[in-house]
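Student: The structure is given below, and queries will be raised subsequently.
Rule-based calculations on the coordinates, nothing more; no lab input. All values reported here derive from a predicted model rather than from experimental measurement. Heads up, the Cβs are rebuilt from the backbone with ideal geometry, glycines too, and the neighbour counts pull from every protein chain shown.
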Amino acid sequence: MERRTFLIGAGLAGLGLGLAGCADPRAAQGQQGRALQFFNDAASWGSGYRAAGEQLAKKTGWAIDPQTIPNASAYEQVVRSLLQTRNPPDLVKWGSGYRMQDLARTGALADLGAAWDESVSKGWLSDSLRSAFTYRDRVYGLPLIQGFYVMFYDVEVFAEHGLTPPKTWDEFLRVCDALKGAGITPIATTQNNIWPVANWFSMLATAYDADWFSRLCANSATFRDPEAHGLMTLWQEMIRKGYHTSADSVGDNFPGMLQNKKIGMWPTPVSWSSQNLQQLEMVSGRDYDAFLLPTVHGTPAAVVTEVAGLVVPQRSPNVADVTDVMASWLDPDVQQPWSDFLSGSSANPQVPWTDEISQRLQTKIREENVTVVNRYWEGSPPPLVVGVTQDLGGFMADPGDPDGVLESLAQKATSEWSYWTEATR
Amino acid sequence: MTASHETRAIATGRRDASDASMPTGGRGTRARSRLLFLLPAVLLVGVLSLAPFVWTVGRSLFDDAVIDPQFNWFASYARLVSDPVIIKSLGNTVMWLVGTVIIPVGLGLAIAALTSSVSWGRWARLAIVLPYALSGTAVAVVWNFMLQDSGALNSLLRGLGLDALAHPWLLEWPGNTIVLILANSWQASGVAVILYLVGLQGVPRETVEAAALDGVDGLKRFFHIVLPQLRGTTAVVMGISLANGLKSFDLIWVLTNGGPGRATETLAVSMYWQSFVLQRPGSGAAIAVVLTIVVVAISVAYLRKQLKND
């Protein structure tokens, strides 16, 4: 082959590949066997998505084709970038609250108001969740999962040391002391990957003063309040007493550490975290159990909730079909396999949670009117949340100067809230 | 003019008198065809490198709004110099720069010189060169396993009864930045070893033998006879190390995410945080411009010095 022929051939092949790469892969799909291209950040949940998709396909003709980017911060950047293109995915897993508002304000999300109203009218969805997905009176998401942050514990460890689930803060501290004394790190927390910081911060702040924490998330309380000082002093004391795992621990190891009795308690949501323990062949009730973290000052019980949602990119080539399909997402037939996969977590009140412990706690929260507070990760403008969790991550590593950290947080809050107010005016 | 002569003439920009004998009629055609050959490279560099740079400079003069940004002159730059996180990040970048130049150059030279003439040298070199073949992310995962508070290094120290030396390596500044640099050097020294070995083979035996005959021995011979002849190799190794130090990102990102509390960020990581995590395109662009200026200034200064010496 002559050099020129080779170069022309190679050039044309490169051009062809380039054009093929730019084409929408979904264009080749026929009407039969259509699947929603669904971006998400939980690699181990793939089979659950597909199981729900099979039921969804029976109702709507659209299955679910999950595509995972398992690193939370990489996922966020990929989704934000894709939303700007002409070819974003059909469906995206995304946080509720301010995280969703942050996307909605750019006009990147499709209105899901019709699907929401239809789901509420059929009793598949509580309208109390509406505010978590609303921006300027329009609904832009549907709940994918709802969970409550509780303290998981190793039943055998508690039994061995004569411990019972604490009902007051003093009892909780006694449990921590007993575990520490037995050479077991009481509480599994980490600042690794940044976002887990928000989980424990939300739980501790809610236990310390749920009302102040709610006001902090509504920008009507500040990090300069006495409550903030009290909270940080308490946290500092807990870190210094060695109640927490090292700040550089790997969060993915916590289920295994609970099983190996290296940690005593793991603050994480029911019900989907129970799936991690069941994968280790730990049995609900026999090997692990969970309790609500008691409040510090004996105020009525409060719990942190996390609601993650499904949003539809406005520029998706199938946007009209997808918004219709979403009206069937909360159908009990679709939700049951999804909920079974996660041992619960469906936001449809008609779909029972299968994990016994999760079900018990869910019932307790509903029936005993426990105050439910949103997690901090979704509870403030995203740049502020990232800044605050970074600083608190630094505090977890070096808890020497709580007041210095609070001053830094207060300054961030002032500038970020004013930026957010301006940007969403 | 021979091919190598031509290459050298292009590389140095010098033209010999023999070029003047070229017929004048062909000069225009030749110049045009040269331009034609240059065009693809110029276009590629222009479109993929210079245009984005110009766009980034432009973006840095606007504010941080994602939608409808406003022209803001140098406000993003002013914020950078008053942001303690960025100042610390700049300090870390300087530490990386110094560390990634000194350690790979020093270690690479020492290992190459010590192992070049011993029989087991190839095995020692293999062990040192091997990490260079690993990806930065894989290296970071392995080092994370080593450096965590509950990791292999602390377990070893505690196992040996050296509890006082066990330490949360990744959590305290500036120690965490230093261990990150060491982890990076573990990987980066391999290429320096290879380059120095090639350089050592190019040192004429006669010069070393003459020095030996004159009674110059050991370290003195190495520093006065061998090392000066490795100047070219050192220039290449330092050039590569400078670039690696300034663009260090993957290892930091996977090991610490720039944390805790943004303490281990370098400018490259800060640029990523501002642009993609905090969604501050104006500030992110300003850091990118500062980083580019630093990289270009250091590279140009260094290359000018080297070219002048040559």
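Student: Which one of A:236, B:55, A:316 is farthest out on the positive end of the charge dipole of the protein assembly as shown, using unit charges on Cβ (Lys, Arg +1; Asp, Glu -1) and the Cα centre as origin?
Tutor: Checked the options; the winner is B:55.
Student: If you don't mind, there's one more thing I want to ask. Which value, in debye to the nearest 20, gives the size of the charge dipole of the protein assembly as shown about its Cα centre, when Lys and Arg are +1 and Asp and Glu are -1 at the Cβ?
Tutor: Values: 56 positive and 64 negative charges, 670 e Å.
In debye, rounded to 20, the protein assembly as shown gives about 3220.
Student: Once both axes come from the Cα atoms, what is the angle between helix A:356-367 and the longest principal axis of chain A, in degrees from 0 to 90, rounded to 10?
Tutor: The answer is roughly 80 degrees.
Student: Within a 10 angstrom radius of the beta carbon, how do A:34, A:86, A:224 rank from fewest other beta carbons to most?
Tutor: With the sparsest Cβ surroundings first, the list reads A:86, A:224, A:34.
Student: In whole Hz and in residue order, list the ³J(HN,Hα) couplings for segment A:399-408 that follow from phi through the Karplus curve 6.51 cos²θ - 1.76 cosθ + 1.60, θ = phi - 60°; x for Gly and Pro.
Tutor: Whole-Hz 3J(HN,Hα) from phi for segment A:399-408: x, x, 9, x, 5, x, 5, 4, 5, 4.
Student: What translational D, rounded to a whole number of µm²/s, comes out for segment B:25-80 from Stokes-Einstein when the hydrodynamic radius is the Kirkwood one over Cα pairs, at 37 °C and 0.692 mPa s? List each step's numbers first, then the result.
Tutor: On the way: Rh = 14.2 Å.
This corresponds to a translational diffusion coefficient of 231 µm²/s.
Student: How about residue A:122: which lysines have a C-alpha closer than 29 Å to its C-alpha, ignoring those fewer than 8 places off in the same chain?
Tutor: Cross-link targets: A:58, A:59, A:93, A:364.
Student: Then there's this: Whole-Å semi-axes of segment A:123-275's equivalent ellipsoid, largest first, each the root of 5 times a Cα gyration tensor eigenvalue? Intermediate results must be reported in sequence, preceding the final value.
Tutor: Values: eigenvalues 180, 84, 42 Å².
They are 30, 21, 14 Å, listed from largest to smallest.
Student: Find how many whole Å separate the alpha carbon centroid of segment A:230-285 from the alpha carbon centroid of segment B:60-133.
Tutor: A separation of 35 Å, based on Cα centres.
Student: Follow-up. Going by a ≥ b ≥ c, the root eigenvalues of the Cα gyration tensor, does chain B fall in the rounded group (a/c under 1.5), the prolate group (a/b larger than b/c) or the oblate group? Each step should come with its number before you reach the end.
Tutor: Numbers: a/c = 2.52, a/b = 1.07, b/c = 2.36.
Oblate is the answer for chain B, as a/c is 1.5 or above yet b/c matches or exceeds a/b.
Student: May I ask you to work out the translational diffusion coefficient for chain A at 10 °C, viscosity 1.306 mPa s, via Stokes-Einstein with Rh from the Kirkwood sum over Cα pairs, reported in whole µm²/s? Write out the running numbers ahead of the final one.
Tutor: Details: Rh = 23.0 Å.
Estimated diffusion coefficient is 69 µm²/s.
Student: Tell me the angle of helix A:332-341 to the major Cα principal axis of chain A, expressed in degrees between 0 and 90 and rounded to the nearest ten.
Tutor: 60
Student: Kindly put B:64, B:250, A:252 in sequence by how many other C-beta atoms sit within 10 Å of each C-beta, fewest to most.
Tutor: Numbers: B:64 23, B:250 17, A:252 11.
Going from sparsest to densest Cβ surroundings: A:252, B:250, B:64.
Student: Right, next: Could you tell me what a quarter of the Cα convex hull surface of segment B:81-170 works out to, in nm² with one decimal place? Present the calculation step by step, with values, prior to reporting the outcome.
Tutor: Numbers: hull surface 34.8 nm².
Mean projected area of the Cα convex hull: 8.7 nm².
Student: In square nanometres, what is one fourth of the surface area of the convex hull spanned by the alpha carbons of the protein assembly as shown?
Tutor: Working: hull surface 167.8 nm².
That works out to 41.9 nm².
Student: Please give me the summed charge of the neighbours of residue B:206: other residues whose Cβ is under 15 Å from its Cβ, Lys and Arg +1, Asp and Glu -1.
Tutor: That works out to 0.
Student: What order do you get for A:301-312, B:178-189 when each peptide is scored by the mean count of other beta carbon atoms within 10 Å, highest first?
Tutor: Listed from highest to lowest mean packing, they are A:301-312, B:178-189.
Student: Here is a further query. Taking only Cα atoms, what is the 0 to 90° angle, nearest 10, from helix A:195-217's long axis to the longest principal axis of chain A?
Tutor: Tilt relative to chain A: about 60 degrees.
Student: Let me ask something else. Grab the DSSP H runs of chain A that are 4 residues or longer, score each as -39,500 (n - 2.57), total them, divide by all residues and round the 222 nm result to the nearest 500 deg cm²/dmol. Please report the intermediate quantities before stating the final value.
Tutor: Values: 17 runs with 206 residues, N = 425.
Calculated at 222 nm, the ellipticity per residue is -15000 deg cm²/dmol.
Student: Ok, one more. Sort A:225-236, A:141-152, B:72-83 for me by packing, meaning the mean count of neighbouring Cβ atoms within 10 Å per residue, highest on top.
Tutor: On the way: A:225-236: 17.6, A:141-152: 24.7, B:72-83: 15.5.
Result, highest mean Cβ count within 10 Å first: A:141-152, A:225-236, B:72-83.
Student: For A:389-397, what's the mean count of beta carbons from other chains sitting within 10 Å of each residue's beta carbon?
Tutor: Working: counts 2, 12, 5, 2, 8, 7, 2, 4, 11.
That works out to 6 on average.
Student: What is the average number of partner chain Cβ atoms found within 10 Å of a Cβ in B:140-151?
Tutor: Working: counts 0, 0, 0, 0, 3, 1, 0, 1, 8, 6, 9, 4.
Rounded to a whole number, the mean comes out at 3.
Student: Rounded to the nearest 0.05, what FRET efficiency do residue B:71 and residue B:37 have when you use their Cβ-Cβ distance and R0 = 25 Å? All intermediate terms of the calculation are to be shown ahead of the outcome.
Tutor: Numbers: r = 41 Å, r/R0 = 1.62.
Efficiency, rounded to the nearest 0.05: 0.05.
Student: Using only Cα atoms, what is the ratio of the radius of gyration of segment B:226-310 to 2.2 N^0.38 Å? Can you show the working numbers first?
Tutor: On the way: Rg = 16.3 Å, N = 85, 2.2 N^0.38 = 11.9 Å.
This ratio for segment B:226-310 stands at 1.37.
Student: For a quick protection proxy, order the peptides B:38-50, B:128-140, A:193-205 by their average other-Cβ count within 10 Å, most packed first. Let's see the in-between values first.
Tutor: Details: B:38-50: 10.1, B:128-140: 15.9, A:193-205: 23.1.
Most protected by this proxy first, the peptides run A:193-205, B:128-140, B:38-50.
Student: Which Cα, out of A:339, A:424, A:396, lies furthest along the positive dipole direction of chain A (beta carbon charges, K/R +1, D/E -1)?
Tutor: A:424
Student: What lysines sit close enough to residue B:88 to cross-link, taking a C-alpha to C-alpha distance under 24 Å and skipping anything fewer than 8 places away on the same chain?
Tutor: A:412, B:247
Student: By count of other Cβ within 10 Å, fewest leading, how are A:408, A:214, B:119, A:274 ordered? Before the final figure, lay out each step's value.
Tutor: Numbers: A:408 21, A:214 18, B:119 7, A:274 28.
Ranking A:408, A:214, B:119, A:274 by Cβ neighbours within 10 Å, fewest first, gives B:119, A:214, A:408, A:274.
Student: How crowded by other chains is B:259-269, given as the mean number of beta carbons from other chains within 10 Å of each beta carbon?
Tutor: Going residue by residue through B:259-269 and averaging, the value is 5.
Student: Can you give me the long-range amide H partners of residue B:279? Hydrogens built in the peptide plane at 1.01 Å from N, cutoff under 5 Å, separation of 5 or more residues or another chain.
Tutor: HN-HN under 5 Å from residue B:279: empty list.
Student: Output the antiparallel fraction of DSSP beta bridges having both residues in chain A, as a percent to the nearest 5. Working shown, then result.
Tutor: Working: 24 of 41 bridges.
The antiparallel fraction comes to roughly 60 percent.
Student: Toward the positive end of the charge dipole of chain B, about the Cα centre and with charges on Cβ (Lys, Arg +1; Asp, Glu -1), which of B:229, B:175, B:290 goes farthest?
Tutor: With unit charges placed on the Cβ atoms, the residue in question is B:229.
Student: Based on DSSP H runs of at least 4 residues, each adding -39500 (n - 2.57), what is the mean residue ellipticity at 222 nm of chain B after dividing by all its residues, to the nearest 500 deg cm²/dmol?
Tutor: Values: 15 runs with 208 residues, N = 310.
After summing the helix terms and dividing by the residues of chain B, the value is -21500 deg cm²/dmol.
Student: Could you pull out every one of the lysines with an alpha carbon less than 17 Å from that of residue A:241, ignoring same-chain neighbours closer than 8 positions?
Tutor: Counting by Cα, and skipping residues close in sequence, residue A:241 has these lysines nearby: A:180, A:262.
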